[in-house]
Amino acid sequence: MRRHLLEAADLDRADATLVLDTAAQIDAALAGREVKKLPTLRGRTVVNLFYEDSTRTRISFELAAKRLSADVINFSAKGSSVSKGESLKDTALTLEAMGSDAIVVRHSASGAPHRLAHWVRGSVVNAGDGTHEHPTQALLDAYTIRHRLGRLEGVRVAVVGDVLHSRVARSNVRLLHTLGAEVTLVAPPTLLPVGVGSWPAEVSYDLDAVLPKADVVMMLRVQAERMAASYFPSAREYSRRYGLDARRMAALGDDAIVMHPGPMNRGMEIAAEVADSVRSTIVEQVGNGVSVRMAVLYLLLGGAPS
Amino acid sequence: MTVLIRGARPYGEDAADILLRDGHVAAVGGSLSAPDAEVVDAAGLVALPGLVDLHTHLREPGREDAETVETGSRAAALGGYTAVHAMANTDPVADTAGVVEQVWRLGQQAGLVDVVPVGAVTVGLRGERLAELGAMADSAARVRVFSDDGMCVADPALMRRALEYVKALDGVVAQHAEEPRLTTGAQMHEGDRSARLGLTGWPAAAEEAIIARDVLLAGHVGARLHVCHVSTAGSVEILRWAKSRGVQVTAEVTPHHLLLTDECAEGYDPVFKVNPPLRTDADVAAVRRGLAEGVIDAVATDHAPHAVEDKESEWAGARPGMLGLEQALSVVVATMVETGLLDWRGVADRMSVRPAAIGRLETHGRPLAPGEPATLLLLDPAARAVVDPAALASRSRNSPYAGRELPGRVVHTFLRGVPTVTDGKATR
Ligand SMILES: [Zn+2]
């Protein structure tokens with residue numbers, strides 16, 4: 001493993017598999033335990049540095065660190081010196097001086113974790129940067145797929161929605177490719193980046209053509225505000241062409257699963273009956289997120305084996 | 001003051017002595033003698049007319065923490081420049097006779113290069129109504145180049161009027177070609193890399209669309225147009241077409257667009273954030289070829305100093321722009337001379353003669369010949385050095401060439417016979 005986890009490309013196949021296997025071991029170790037806590041990172045300090053509101057991701061990382069017995073500091077940009085104009089670099093040096101061993105950073109600017117990694121000695125974990133990447137989301141998605149389908153090699157994954165603005169899509173394309181899955185991106189052309197042709201993924205504009213062959217359908221959040229900038233004409237037209245409803249779900253193979261990184265726009269990209277169906281892994285993804293983030297922190301900080 | 005330059009190679013050709021007297025070149029030839037002269041040993045050095053920059057941000061008034069007219073002038077002289085055009089996007093904006101005269105006077109006081117103010121095209125660079133272009137032209141600063149650089153004159157009707165109006169002033173509109181509706185939030189060249197890095201793309205078409213529109217307008221009203229910092233292969237094609245049709249259009253390319261590509265954005269170091277953005281290998285090849293052929297007339301630095309706090313941040317939060325004055329000639333040597341695309345006469349043409357003509361500077365860009373102004377530089381083409389931002393004369397440190405080895409060292413610069421750089425050091 002490298003010192004930081006900034007993007008999915010930081011993980012080769014062996015590293016990525018190690019994270020998933022470690023998460024599985026952690027799950028097994030904690031299964032049935034009343035106190036869900038391991039002593040492995042006792043005395044270590046993990047800082048959650050969040051420049052963007054994301055309660056679910058912050059709580060997931062916080063829980064992961066605490067279950068490994070690390071000390072956790074939540075450093076939210078709101079109401080701190082950060083909101084008074086302190087630079088990312090000054091904040092980084094401050095956290096460094098406080099003795100943080102790992103900084104988990106969420107930032108609205110793509111590449112902010114890369115800059116941070118430049119200035120600190122500890123490990124940096126990207127918890128989502130702008131429209132760039134969200135590597136632990138991709139790891140938890142891969143973990144979920146492997147758990148449900150028993151493999152990743154050759155699994156056909158359709159990633160559907162606002163690929164252009166999605167850090168989840170970028171991380172998943174890279175990581176799933178590394179792990180041997182076959183990704184097809186499905187979106188209106190306006191929501192695919194110029195240059196998507198260079199990605200290790202197929203591209204389609206036609207969801208109905210892709211669904212029957214998919215083992216996994218991963219729906220991305222689509223913000224209704226995008227239509228103000230003419231990415232699509234209306235929410236209704238979007239969900240008619242690219243939303244996953246019960247009719248479309250019926251076109252899926254028997255074992256196919258439906259995923260969503262959350263938070264969902266029910267009725268927009270995904271119908272409530274799909275989100276709540278047995279195919280849906282949405283709740284499972286949340287739980288797996290904690291295990292995978294425990295595995296990442298454990299491996300990066302090199303905690304003693306329990 | 002009399003100076004005898006011994007054994008220099010004018011335009012890189014046969015060695016000759018050059019005698020400077022009373023601000024003029026008194027003689028050029030073999031074995032000159034002048035008992036009263038201060039002798040400069042220039043064996044092996046290439047003599048070129050002093051360089052002229054059409055595009056310099058000196059930041060004064062307003063951001064003296066990033067650069068001043070004086071520090072920028074010193075950087076320019078060290079780069080072999082003898083005249084620089086100071087862009088209008090200062091605070092206050094150079095959109096009145098008062099501001100352009102202030103900048104011009106500061107340049108005179110610094111006394112290292114001729115600081116030639118550029119006047120804003122529109123009031124406050126807001127792109128709404130024309131600034132008093134005539135008053136700036138008639139001022140002591142004698143403004144001939146007008147530009148809203150940093151902003152594009154995006155309104156086509158306003159651009160047409162500006163082009164027409166400056167005809168009466170023997171002026172030129174220098175356009176920062178960027179269709180703003182196509183570059184909202186743009187961070188880097190739109191292509192494979194922007195897609196992967198998750199940075200909002202700045203499409204080549206946003207530059208090319210404005211250039212295409214403007215050459216049509218300039219042709220229609222018979223006015224002079226200058227295109228700032230051409231960065232794409234498509235722009236070169238449009239310029240080639242326009243020139244073949246007789247449109248009075250000139251264009252510049254920056255040193256960084258001759259050397260660097262969007263690959264520099266990997267790692268998200270904002271020192272490489274610039275507007276227009278660094279493009280692809282194919283674009284770099286095209287602008288080099290365009291410059292070699294003369295479709296692009298000039299190298300202009302777009303020297304853009306920024307304070308540390310404006311660059312040491314996340315990419316999206318940083319200001320665009322990079323330093324250029326002190327390394328421009330070295331970059332041209334590396335990209336154009338050592339590659340065989342330009343000879344030294346070509347360098348003199350693209351970095352001195354043509355920019356002086358575009359800016360209507362009668363005493364710059366002149367030949368190295370008797371009777372001409374003694375405004376020239378001496379370059380050691382064999383020297384190579386690694387760029388150290390801490391050693392720069394600019395007040396800012398945002399050099400994209402940090403740590404890079406570049407060829408060529410400016411050893412001496414003379415402005416009207418007065419040394420501004422001696423042995424690689426500014427004289428004041
Ligand atoms: Zn510009």
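The values are calculated or read from the model by the stated rules, or taken from the named source; none is laboratory data. Given the structure is predicted, the values throughout are model-derived calculations rather than measurements. Backbone-built Cβ (ideal geometry, glycine too); neighbour counts: all protein chains shown. The area values use the complete protein model at the heavy-atom level, side chains included, leaving out ligands, DNA and RNA. Shrake-Rupley method; radii C 1.70, N 1.55, O 1.52, S 1.80 Å.
Only a single item in (1) over 22 Å from B:VAL236 (Cβ atoms); (2) within 16 Å of the ligand (Cβ to nearest atom) is not met by B:GLY317, and it is number (2).
Here are some residues: B:ALA157, B:ALA212. Which one is closer than 22 Å to B:ALA292 by Cα, more than 13 Å from the ligand (Cβ to nearest atom), outside any loop (DSSP other than H, G, I, E, B) and more than 14 Å from chain A (Cβ to nearest Cβ)?
Values: B:ALA157 fails: closer than 22 Å to B:ALA292 by Cα.
On inspection, the qualifying residue turns out to be B:ALA212.
In the set (1) assigned to a helix (DSSP H, G or I); (2) more than 16 Å from the ligand (Cβ to nearest atom); (3) away from every other protein chain (no Cβ under 14 Å), B:ALA223 fails one condition alone, (1). Every residue in the range A:17-60 that is open to solvent by less than 70 Å² (accessible area, probe 1.4 Å), under 14 Å from A:SER76 (Cβ atoms) and not in a strand (DSSP E or B), please. Residues satisfying the conditions are A:TYR51, A:GLU52, A:SER54, A:THR57, A:ARG58.
From the list B:ARG428, B:ARG404, which one is at pLDDT below 95 and out of contact with any His (no Cβ under 6 Å at 6 or more places or on another chain)?
On the way: B:ARG404 fails: at pLDDT below 95.
Only one candidate qualifies: B:ARG428.
Of all residues in the range B:160-178, those being outside any strand (DSSP E or B) and either surrounded by 22 or more Cβ atoms within 10 Å (Cβ to Cβ) or within 13 Å of the ligand (Cβ to nearest atom) (or both) number 7. What do you reckon, is B:THR232 open to solvent by 10 Å² or more (accessible area, probe 1.4 Å) and hydroxyl-bearing (Ser, Thr, Tyr)? Spelling it out, it is not the case that B:THR232 is open to solvent by 10 Å² or more (accessible area, probe 1.4 Å) and hydroxyl-bearing (Ser, Thr, Tyr).
Screening the range A:69-115 for residues that are open to solvent by 50 Å² or more (accessible area, probe 1.4 Å) and among the small types (Gly, Ala, Ser) and picking the one that is modelled with the highest pLDDT gives A:SER108. Counting only residues that are open to solvent by 10 Å² or more (accessible area, probe 1.4 Å) and of a type in the set (Gly, Ala, Ser), the range A:1-16 holds 2 of them.
Filter the range B:227-251 for residues that are within 16 Å of the ligand (Cβ to nearest atom) and outside any strand (DSSP E or B); which is nearest to the other protein chains (Cβ to nearest Cβ)? The qualifying residue nearest to the other protein chains (Cβ to nearest Cβ) is B:THR232.
Counting only residues that are outside any loop (DSSP other than H, G, I, E, B) and away from chain A (no Cβ under 14 Å), how many does the range B:252-281 have?
8
Filtered by the rule that a residue be under 25 Å from B:ALA76 (Cβ atoms) and either in a loop (DSSP other than H, G, I, E, B) or of a type in the set (Val, Ile, Thr) (or both), the range B:3-27 gives B:VAL3, B:ILE5, B:TYR11, B:GLY12, B:ILE18, B:ASP22, B:GLY23, B:VAL25.
Please report, ordered by residue number, the helices (runs of 4 or more DSSP H) entirely within the range B:316-359 with at least 1 residues that are out of contact with any Pro (no Cβ under 7 Å at 6 or more places or on another chain), open to solvent by 10 Å² or more (accessible area, probe 1.4 Å) and more than 14 Å from chain A (Cβ to nearest Cβ).
B:344-348, B:354-359
Could you list, in sequence order, all residues of the range A:252-306 that are of a type in the set (Val, Ile, Thr) and within 29 Å of A:VAL104 (Cα to Cα)?
Looking only at the range A:252-306, we keep the residues that are of a type in the set (Val, Ile, Thr), and these are A:257-258, A:270, A:274, A:278, A:281-283, A:286, A:290, A:292, A:296.
Correct list: A:VAL258, A:THR281, A:ILE282, A:VAL283, A:VAL286, A:VAL290, A:VAL292, A:VAL296.
Residues of the range B:273-284 that are more than 16 Å from the ligand (Cβ to nearest atom) and either open to solvent by less than 10 Å² (accessible area, probe 1.4 Å) or touching a residue at least 24 places away in the same chain (Cβ under 8 Å) (or both): B:THR280, B:ALA282, B:ASP283, B:VAL284.
For A:GLY161, which of the numbered conditions (1) more than 25 Å from A:ARG247 (Cα to Cα); (2) buried (at least 24 other Cβ atoms within 10 Å of the Cβ) fails to hold? Every listed condition holds for A:GLY161 apart from (1).
For the range B:186-199, filtered to residues that are free of Cβ contacts under 8 Å to residues at least 60 places away in the same chain and either open to solvent by 50 Å² or more (accessible area, probe 1.4 Å) or farther than 30 Å from A:VAL168 by Cα (or both), the residue that is farthest from the ligand (Cβ to nearest atom) is B:ARG196. Quick check on the range A:194-245: of everything there that is over 24 Å from A:THR178 (Cα atoms) and of a type in the set (Asp, Glu), which residue is nearest to the other protein chains (Cβ to nearest Cβ)? Residue satisfying both the conditions and the ranking: A:GLU225. Quick check on my filter: what residues within the range B:360-389 are part of a loop (DSSP other than H, G, I, E, B) and surrounded by fewer than 18 Cβ atoms within 10 Å (Cβ to Cβ)? B:ARG360, B:GLU362, B:THR363, B:PRO367, B:ALA369, B:PRO370, B:GLY371, B:GLU372, B:ASP388 - these are the residues of the range B:360-389 that are part of a loop (DSSP other than H, G, I, E, B) and surrounded by fewer than 18 Cβ atoms within 10 Å (Cβ to Cβ).
Condition test on B:ALA251, is it more than 22 Å from the chain's Cα centre (by Cα) and either open to solvent by less than 30 Å² (accessible area, probe 1.4 Å) or among the small types (Gly, Ala, Ser) (or both)? Criteria not met by B:ALA251. Considering B:GLY294, B:GLY290, B:GLY267, the condition of being assigned by TED's automatic domain parsing to the domain that holds B:THR184, under 22 Å from the mean Cα position of the chain (by Cα), under 23 Å from B:TYR401 (Cβ atoms) and away from the ligand (no atom under 16 Å from the Cβ) is satisfied by B:GLY290 alone. Condition test on B:ARG181, is it more than 16 Å from the ligand (Cβ to nearest atom), crowded, with 18+ Cβ neighbours inside 10 Å and within 14 Å of chain A (Cβ to nearest Cβ)? In short, no.
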